[in-house]
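K.L.:
Take this structure first; my questions come after.
The values are calculated or read from the model by the stated rules, or taken from the named source; none is laboratory data. Since the structure is predicted, the reported quantities are computational estimates derived from the model, not experimental observations. Neighbour counts are summed over all protein chains in view; Cβ atoms, including those assigned to glycine, are modelled from backbone coordinates with ideal geometry. Side chains are part of the model used for accessible areas, which takes the heavy atoms of the whole protein and leaves out ligands, DNA and RNA. Shrake-Rupley method; radii C 1.70, N 1.55, O 1.52, S 1.80 Å.
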Amino acid sequence: TPTPTRTPTPTPEPTPALLAQQDIGYVPILMYHYVRDVDEGADPLGYRLSITPDLFEQQMQWLADNDYTPIRMDHLADCLRGLTDCPDNAVVITFDDGYEDAATAALPILERYGFPATFYIVTEFVGRPGYLSWEQVALLHASGMEIGSHSLTHPDLAAIDLDAAEAQIVQSKAILEQQLGIPIRSFCYPIGSYSPEVADLVRAAGYTNAVTTHQGRNLEQMFEIPRRRVLGGETLAALAWYLSEPTFD
């Protein structure tokens, strides 16, 4: 009779560290929403959240011409933990919400320059008019982009009870992992709203990092990482300011 073999119990992943273990200096993290043409008079808010495809192409060309190296948020998190080297002149390009033009307008431009980016997806918005389909989310991943979670339904996580917030954080991660067959490591707080308790839930769910909508230069808090929102209606010259190190934390 063959000796029975015992299947080893998988070792659980350790809870990600709360603080960075390595000071790599300031890395600008750019926050985009739409890449599209919008009429300012018809939609003033949408206009400010939208970069035209032509300007986005110019911005990517400017990054290439000035020797910036775009990396994904999961790469930056590994840099901050000392798990990998961070390139000189690193920059992170992020997109919130999962709009359809991420695949139709932003992706072709990013691919032309060989630039990776991180796309934060609201899982229950996938497939709605104006938003990515699951096939397009998979295309982004297959093209070398990182897919992160932006919750199930985009609520203010600091304004709902913690059980509901936990469901938003945990279930969105599970849905993305099931759909794509990959681990989801990065989280983005809807409307940038969070509390220490919400940040703890993100960490406990197994994400390695979370970004806010706050500006700042302090990258020490792994679940409160600041970004700069890139606004529509500005010239290419404004990009240098978005990349400059803030004078405040």
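K.L.:
Can you find, within the range 64-74, the residue that is most open to solvent (accessible area, probe 1.4 Å) among those that are in contact (Cβ under 8 Å) with a residue 60 or more places away in the chain and part of a helix (DSSP H, G or I)? Working first, answer last.
P.N.:
Of the residues in the range 64-74, the ones in contact (Cβ under 8 Å) with a residue 60 or more places away in the chain are 68, 72-74.
If we keep only those that are part of a helix (DSSP H, G or I) too, we end up with 73-74.
Details: MET73: 0, ASP74: 19 Å².
Top of the filtered list is ASP74.
K.L.:
Here's a follow-up. If we keep just the residues of the range 75-107 that are in contact (Cβ under 8 Å) with a residue 24 or more places away in the chain and assigned to a loop (DSSP other than H, G, I, E, B), which is surrounded by the fewest Cβ atoms within 10 Å (Cβ to Cβ)?
P.N.:
Here the residue is GLY82.
K.L.:
Let me ask something else. I want to confirm something. Restricting to the range 191-218 and keeping residues that are buried (at least 20 other Cβ atoms within 10 Å of the Cβ) and under 15 Å from the mean Cα position of the chain (by Cα), which single residue is nearest to LEU45 (Cα to Cα)?
P.N.:
THR212
K.L.:
Additional query: When you look at SER186, is it within 16 Å of the chain's Cα centre (by Cα), polar (S, T, N, Q) and more than 25 Å from GLN59 (Cβ to Cβ), yes or no?
P.N.:
On the way: within 16 Å of the chain's Cα centre (by Cα): yes; polar (S, T, N, Q): yes; more than 25 Å from GLN59 (Cβ to Cβ): no.
Taking the combined requirement at face value, the residue does not satisfy it.
K.L.:
Look through the range 16-38, keep the residues that are part of a strand (DSSP E or B) and among the aliphatic types (A, V, I, L, M), and return whichever of them is surrounded by the fewest Cβ atoms within 10 Å (Cβ to Cβ).
P.N.:
So in the range 16-38, the residues part of a strand (DSSP E or B) come out as 19, 29-32, 34-35.
With the extra rule that they be among the aliphatic types (A, V, I, L, M), the set shrinks to 19, 29-31, 35.
Working: LEU19: 10, ILE29: 23, LEU30: 20, MET31: 24, VAL35: 25.
The residue in question is LEU19.
K.L.:
Does the range 39-61 hold any residues that are open to solvent by 50 Å² or more (accessible area, probe 1.4 Å), part of a helix (DSSP H, G or I) and not charged (D, E, K, R), and which are they?
P.N.:
Scanning the range 39-61 gives PRO44, LEU45, TYR47, GLN58, GLN61.
K.L.:
Consider PRO155 against the criteria (1) farther than 30 Å from ARG36 by Cα; (2) part of a loop (DSSP other than H, G, I, E, B): it satisfies all of them except one. Which criterion is unmet?
P.N.:
With respect to (1) farther than 30 Å from ARG36 by Cα; (2) part of a loop (DSSP other than H, G, I, E, B), PRO155 is out only on (1).
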